[in-house]
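Written below as structure tokens is the structure these notes are about.
What follows draws every value from the coordinates through simple rules; no lab data is involved. Just so you know, these numbers come straight off a predicted model, no measurement behind them. In this analysis, Cβ positions are derived from the backbone assuming ideal geometry, glycine residues included, and neighbour counts consider all displayed protein chains.
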Amino acid sequence: GGAKVVIVGGGAGGGTVARIIKTEAPQIDVTIVEQRPIYTSCFNSNHFFGGFRSFASLQHSYDGLKKLGINVVTDTATGIDAGKKAVNTAVGTTLPYDRLVLSPGIDFKYDAIEGYSAAASEIMPHAWKAGPQTLLLMRQLEAMEDGGVVIMTVPGNPYRCPPGPYERACMIAHYLKTHKPKSKLVIFDAKPTFSKQGAFEEAFERYYAGIIDLNLTNEIDDFRVVRVDPKAMQVETASGTKLKGAVVNVIPPQTAGAIAISAGCAEGAWCPIKPENFASAKVDGVYVIGDAAIAVEMPKSAYTANSHGKVVAADILAALAGSDPAIPRYRNTCWSLLAAEDSIKIGADYTPGEHDGKQILVPDHPFVSQKGETAEVRRKNYAEGLAWYHAIIADAFN
Ligand code: FAD
């Protein structure tokens, strides 16, 4: 048969690699190992909290990829044998490969917050992997009485989707404003600054004054959450601030998906890669893309995972055909919804280059939304963001 490409993780990154390779070279045997039968996108899941999107519209099956002839295995990859070039799965299957792509997304550093755990997340949801956690957080907001306090805790960098917590803040606040106007959203943030901060803070003031209470870490107060008590529904910061909430959304610090770490691809929490093709800097024959990779300046987003996926697919196709790899181009744009039809964006192009003698991805043509932009500009951003959602779903799942 043809060469074998195995991809662990059928999300934004993995789906993209699989679809491009199978479409361009149908003779290649392409397998995705994905633990869940249905993918629920984290991207745009915040819109659900604001009432701007249904939960069902975030869910995507693997039927499109199966129809292309991709072998989608619903199973958990439990180990990588890089010597034998094989992936082992939970049900005991061994999948041999010529090229392996890991796009497993993130896992949580539960032990960074005393009292937090997978079990505690059933009471204080993270909703930072979409699916049942997203529904749980929404149900808790719906069940809360008007006048309740919602707490959101935000980790330090790097983590999945840098602007995501602040978009979520807007969407939760929009829900509170329109359904429970006496309620508040208190944010405890481990960082002093954040992505698209100017435009976000303007929106907090303009739309959600009196609802959002943003606490950024500063010289006096460290608002990193160090302890939670799910029974008392209480959180505690490094400076000793304690607060009880009716709903508590804990966004914990994160690591690369566990399988990438156990495969030996990680240095600390994330996986270093070669900027020219996202090959693992640590394990031969393995690529690491999406959130699991640490690509220095490139943020962890679905847009970047898709962008890595395109480069890796081209690199694998070139390698298997014995031709030269193309010059890689990467790109990111992240849109965040502030209120109805008011969306802001940030992005850049990235090319491999040198910095302090190290090979990194150098940002080029960066752009970011500013305060005080017209409604028309913001509406156009919103339309672009929706078009992007359709495009990435088509790239990764259809
Ligand atoms: P994922 O898309 O998470 O895919 C990983 C897949 O691997 C999962 O389906 C998982 O089940 C599977 N998997 C993991 N381990 C195994 C294993 N051992 N065996 C089998 N399967 C496994 N990005 C944007 O670009 N724009 C946005 O507007 C945006 N908004 C966001 C809002 C929120 C609230 C959040 C949380 C994230 C947002 N993101 C956004 C970020 C985006 O969701 C991620 O960056 C993106 O999904 C990363 O793609 P990935 O392929 O690395 O991981």
- What the Cα atoms of the chain span along the principal axes, largest first and in whole Å, is 64, 45, 45
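Could you rank the peptides 84-91, 131-138 by their average count of other C-beta atoms within 10 Å per residue, with the highest value first?
Numbers: 84-91: 16.1, 131-138: 18.5.
Descending packing order for the listed peptides: 131-138, 84-91.
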- Message: Checking the cross-link filter: which lysines have an alpha carbon closer than 23 Å to that of Lys66, excluding same-chain neighbours under 8 positions apart?
- Response: Lys4, Lys22, Lys310
- Sorted by mean Cβ packing within 10 Å, highest first, what order do the peptides 206-217, 13-24 take? 13-24, 206-217
- Message: Counting other beta carbons within 10 Å of each residue's own, what order do Val377, Val312 fall into, fewest first?
- Response: Val377, Val312
- To the nearest 10 degrees, the tilt of helix 302-321 (Cα long axis) against the first principal axis of the alpha carbons of the chain is 0
- Message: Which one, Leu216, Val235, His179, projects farthest toward the positive side of the charge dipole computed for region 131-273 from Cβ point charges (K/R +1, D/E -1)?
- Response: His179
- Item | Check: the chain dipole with +1 on Lys, Arg Cβ and -1 on Asp, Glu Cβ, in debye | 700
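Restricting to bridges with both residues inside the chain, how much of the DSSP beta-bridge set is antiparallel, in percent to the nearest 5? Before the final figure, lay out the partial values.
Values: 41 of 75 bridges.
The answer is about 55 percent antiparallel.
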- Rounded if a/c under 1.5, otherwise prolate or oblate - region 46-152, Cα gyration tensor axes: oblate
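With an 8 Å Cα cut-off and a minimum separation of 6 or more residues, compute the relative contact order for region 1-138 in percent.
Details: 223 pairs, mean separation 38.2, N = 138.
Once normalised by length, the contact order is 28 percent.
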- Sequence-distant lysines (8 or more away, or on other chains) whose Cα lies within less than 21 Å of Lys358: Lys274, Lys282, Lys300
- Task: Taking 7 Å along the Cα-to-C-beta vector as the label spot, tell me the Val368-Ala232 distance in nanometres, rounded to one decimal.
- Result: 3.7
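As an exercise, use a Förster radius of 30 Å and the Cβ-Cβ distance of Ala340 and Ala56 to find the FRET efficiency, rounded to the nearest 0.05. Each step should come with its number before you reach the end.
Values: r = 21 Å, r/R0 = 0.68.
Here the calculated transfer efficiency is 0.90.
Once a ≥ b ≥ c are taken as the square roots of the eigenvalues of the Cα gyration tensor of region 252-398, is the result rounded (a/c under 1.5), prolate (a/b larger than b/c) or oblate (a/b not larger than b/c)?
Working: a/c = 1.86, a/b = 1.73, b/c = 1.08.
Judged from the Cα gyration tensor, region 252-398 comes out prolate (a/c at least 1.5, a/b above b/c).
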- Note on the structure: Between the modelled labels at Arg329 and Asp349 (7 Å from Cα along Cα→Cβ) the distance in nm is 0.5
- Task: Could you pull out every Cys in the chain that lacks a partner Cys with its beta carbon under 4.7 Å away?
- Result: Cys42, Cys161, Cys170, Cys334
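Which order do the peptides 328-336, 42-50, 350-358, 70-78 come out in when sorted by mean C-beta neighbours inside 10 angstrom, highest first?
On the way: 328-336: 21.0, 42-50: 23.4, 350-358: 12.0, 70-78: 18.9.
Peptide ranking by packing, descending: 42-50, 328-336, 70-78, 350-358.
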- Task: With runs of 4+ DSSP H residues as the only contributors, calculate the mean residue ellipticity of the chain at 222 nm using -39,500 (n - 2.57) per run, divided by the residue total and rounded to the nearest 500.
- Result: -9000 deg cm²/dmol
